[in-house]
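Novice: Just passing along the structure, written as structure tokens.
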Amino acid sequence: MRQLIIDTETSGLDFDKDRIIEIGCLELIDGIFTGNKFHQYYKPDDIEISSESEKIHGLSNQFLKEFQTFEDEIEKFMTFVGDSQLIIHNAQFDITMINNALKRSGINQINPDSTICTLEIAKKKFPGSKNNLNALCRRFGISLENREKHGALTDSFLLLQVYNELLGGKQQKLSLKLQSKEKQLRRSFSKENNKFVCAKISSEEEKSHEEMLKGLHNNIW
């Protein structure tokens, strides 16, 4: 099963006006990161990045001016996505921003029902608590030491660790493997699967065995 951890950075929070300016994706196959990733910056065209947003991700119009817009390269992104299941923190926001860009480009939109929202999982798991990415990283002991600003690729790697913890973490996976092996051992050594074999010893074999024991007795330290 192919899944993608996805995070975006935008010029602001207005679904109609603002644009995607960075996307980061990590590929998972059967829940394991393959090392394959997608990362790209985009200029927001003639949209001015809000000061509030720039404080969060550190991306400016000046830095992004040499890149293409997301709409210009949206087909590359969709080719990477394919029909994979998307794992996103606050999926409603990211998917709405992506779908608005797809709509402007005349491309079929992503079905929100095909996504997994880690924010919704966290809210159910920890009701009444802060469940943004920073708070979840602190809860699970995931280091934020090298994260000065939000970044789509950096946050995707953090979300990968958070998602693993929300599913039960490495310890649960180890426990499940041990339980599975224990069940296999029980099946392997059950009375139904194992029968004692009665071996018959000839008189010659018995005599040879006695001579061997005498030799061991005479030469033992």
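The values are calculated or read from the model by the stated rules, or taken from the named source; none is laboratory data. The structure presented is a predicted model; accordingly, all values stated were derived computationally and were not measured. Because the Cβ atoms are built from the backbone with ideal geometry, glycine has one as well, and the counts that use them run over all protein chains shown.
Novice: Select from segment 6-50 the residues that are within 23 Å of the chain's Cα centre (by Cα), of a type outside the set (D, E, K, R) and farther than 18 Å from K149 by Cβ and list them in ascending order.
Specialist: I6, C25, L26, L28, I29, G31, I32, F33, T34, G35, N36, F38, listed by residue number.
Novice: If you check K125 against the conditions, is it basic (K, R), assigned by TED's automatic domain parsing to the domain that holds T10 and touching a residue at least 24 places away in the same chain (Cβ under 8 Å)?
Specialist: For K125, the condition - basic (K, R), assigned by TED's automatic domain parsing to the domain that holds T10 and touching a residue at least 24 places away in the same chain (Cβ under 8 Å) - is met.
Novice: Identify the residue in segment 104-137 that is in a helix (DSSP H, G or I) and hydrophobic (A, V, I, L, M, F, W, C) and, among all such residues, is surrounded by the most Cβ atoms within 10 Å (Cβ to Cβ).
Specialist: That would be L136.
Novice: Got at least one residue in segment 24-40 being more than 23 Å from N164 (Cβ to Cβ) and exposed (fewer than 13 other Cβ atoms within 10 Å of the Cβ)?
Specialist: No; the residues of segment 24-40 include none that is more than 23 Å from N164 (Cβ to Cβ) and exposed (fewer than 13 other Cβ atoms within 10 Å of the Cβ).
Novice: Continuing with this model, one more query. Test T154 against the stated conditions and say whether it is at pLDDT below 95 and more than 18 Å from F15 (Cβ to Cβ).
Specialist: Yes: the conditions hold for T154.
Novice: Here's something else I'd like to know. Please go through segment 138-151 and give me each residue that is surrounded by 18 or more Cβ atoms within 10 Å (Cβ to Cβ) and farther than 11 Å from E9 by Cα, ordered by number.
Specialist: Answer for segment 138-151, where residues must be surrounded by 18 or more Cβ atoms within 10 Å (Cβ to Cβ) and farther than 11 Å from E9 by Cα: just I142.
For (1) surrounded by fewer than 17 Cβ atoms within 10 Å (Cβ to Cβ); (2) more than 28 Å from Q161 (Cα to Cα); (3) modelled with pLDDT of 95 or more; (4) of a type in the set (K, R), each residue gets a yes or a no:
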residue: K43; (1), (2), (3), (4): no, yes, yes, yes
residue: I49; (1), (2), (3), (4): no, yes, yes, no
residue: E52; (1), (2), (3), (4): yes, no, no, no
residue: F63; (1), (2), (3), (4): yes, yes, yes, no
residue: K76; (1), (2), (3), (4): yes, no, yes, yes
residue: T79; (1), (2), (3), (4): yes, no, yes, no
residue: F93; (1), (2), (3), (4): yes, no, yes, no
